[in-house]
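This report concerns only the one structure given below.
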Ligand code: MRU
């Protein structure tokens, strides 16, 4: 394994609280906040203090421990404690609808609760340990994704990415940017083009910040520029993350990803998804079943608190779109690179 040494740690369980980088402050401040209650965790996920599919999964898992610590103070019977905690867990899953890693990680905590034979204090300890295990596994999985992905990065490549699927969207290292980090460790002549990613500008505010912090050459472009650079032959491949992948490989990711995938197909640029298996939702057959989050009007009408349009104009603000599987050259996972037909390769990956 050729590993890049990134020091970015997005979220960590520390002293009975969840410590996370506040991503609403980027790029002006890099500051940690401690989340100490279940409701504050729900709000941190909804308001995107923590964001990115794997990171909100871990945040959700931590949130269940925080709820458990609060319920412990109420002196409930063990049975009532468990039933109230399971209710809180289901509530936590509603904090954001699209990224399936949130539901996946909360379900992992629900299994701990349901299978435990311990008293209340013991259940809480098991939940904490499981949260820490999920954190550590996330970094290991990303490094495996990075390793597999680096194999398909051409020498000296320019890699286009959209949104932020980096260390700051995971516990550390990243999925799409994990591929970049592992490739860069082997070949420091590669570089990244980062799409700005309107409306919330995760590409500009987060991807450029984390890549430049790690010294990886990065060029920021606005979302409409990708076809221009593909036509000029300046993009060798696209790697993006995912929020939910259906059983047939259709992939939901940040709004604008679909446009990049269409442009890549037209210009014969390979378009890859990098994601852990926990992002694959085999309970849904196609991307049509993925719930797309609708976000606030202000994300579109304002930049940095300043209005940028006629105040009364109509707004629609879907947070994600779905890229059909036929536009995807491969899905880079911790079990290897899945290729079409995805229905079979996904099933095979879960059997490995
Ligand atoms: O709305 P966000 O910032 O949570 O959206 C993030 C993305 O779309 C990422 O590309 C995706 O979650 C993958 S993160 C490894």
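Derivation of every value follows stated rules applied to the coordinates shown; laboratory data play no part. These numbers come from a predicted model, not from an experiment. Methodologically, a virtual Cβ is constructed for each residue, glycine included, from the backbone with ideal geometry; neighbour enumeration extends over all protein chains shown.
Assuming 1.306 mPa s and 10 °C, estimate D for region 32-133 with Stokes-Einstein, Rh taken as the Kirkwood radius over Cα pairs, in µm²/s. Taking Rh from Cα pairs, D becomes 119 µm²/s.
For the chain, what relative contact order do you get, as a whole percent, if you take Cα pairs closer than 8 Å and at least 6 residues apart?
Worked out over the chain, it gives 16 percent.
Quick note on region 131-224: its Rg to Rh ratio, both from C-alpha atoms and Rh being the Kirkwood radius, is 0.98. Between region 40-57 and region 234-258, how far is it from one alpha carbon centroid to the other, in angstrom? What the calculation gives is 20 Å, centre to centre. Per-residue extension of 0.36 nm, minus the Cα-Cα distance of residue 347 and residue 22, leaves a gain of 113.3 nm for this segment. Taking every alpha-carbon pair under 8 Å whose residues sit at least 6 apart, region 11-142 reaches a relative contact order of 24 percent. Reported to the nearest whole Å, the Cα centre-to-centre distance from region 316-352 to region 279-311 is 21. Rg and Dmax of region 92-138, both derived from C-alpha coordinates alone, stand at 11.6, 34 Å. For the pair residue 34 and residue 77, label points projected 7 Å from Cα toward Cβ lie 3.6 nm apart. For the chain, DSSP calls about 55 percent of its internal beta bridges antiparallel. Sorting 271-277, 105-111, 234-240 by average packing, meaning the other beta carbons within 10 Å per residue, from highest down gives 271-277, 234-240, 105-111. Between residue 313 and residue 46, what FRET efficiency follows from the Cβ-Cβ distance if R0 is 22 Å, with the result rounded to 0.05? It comes to 0.30. With helices as the sole contributors, the chain gives -12500 deg cm²/dmol at 222 nm; each DSSP H run of n ≥ 4 counts as -39500 (n - 2.57), and the sum is divided by every residue.
Provide the convex hull volume over Cα atoms per residue for the chain, in Å³.
138
For residue 326 and residue 15, a Förster radius of 51 Å and the Cβ-Cβ distance give a FRET efficiency of 0.55, rounded to the nearest 0.05. Ordered by the number of other Cβ atoms lying within 10 Å of each residue's own Cβ, fewest first, 223, 195 fall into the sequence 223, 195. Placing a label point 7 Å from the Cα of residue 132 along the Cα-to-Cβ line, the residues of region 12-39 whose backbone N sits under 18 Å from it are 12-20, 35.
What is the P(r) of region 146-351, as percent of Cα-Cα pairs per 5 Å bin from 0? In whole percents, the pair-distance histogram is 1, 8, 16, 20, 21, 16, 10, 5, 2, 1, 0.
If packing is taken as the mean number of other Cβ atoms within 10 Å per residue, what is the order of 83-89, 278-284, highest first?
Highest to lowest by the protection proxy: 278-284, 83-89.
Sorting the segments 62-72, 209-219 by their mean number of nearby beta carbons within 10 angstrom, highest to lowest, gives 62-72, 209-219.
Each label point was placed 7 Å from the Cα along the Cα-to-Cβ direction; for residue 293 and residue 228 their separation is 3.0 nm. Measuring from label point to label point, each 7 Å out along Cα→Cβ, what is the residue 339 to residue 118 span in nm? Distance between label points: 4.6 nm.
Each Cα pair under 8 Å and six or more residues apart adds its sequence gap; the mean of these over the residue count of region 251-324 is a relative contact order of 54 percent.
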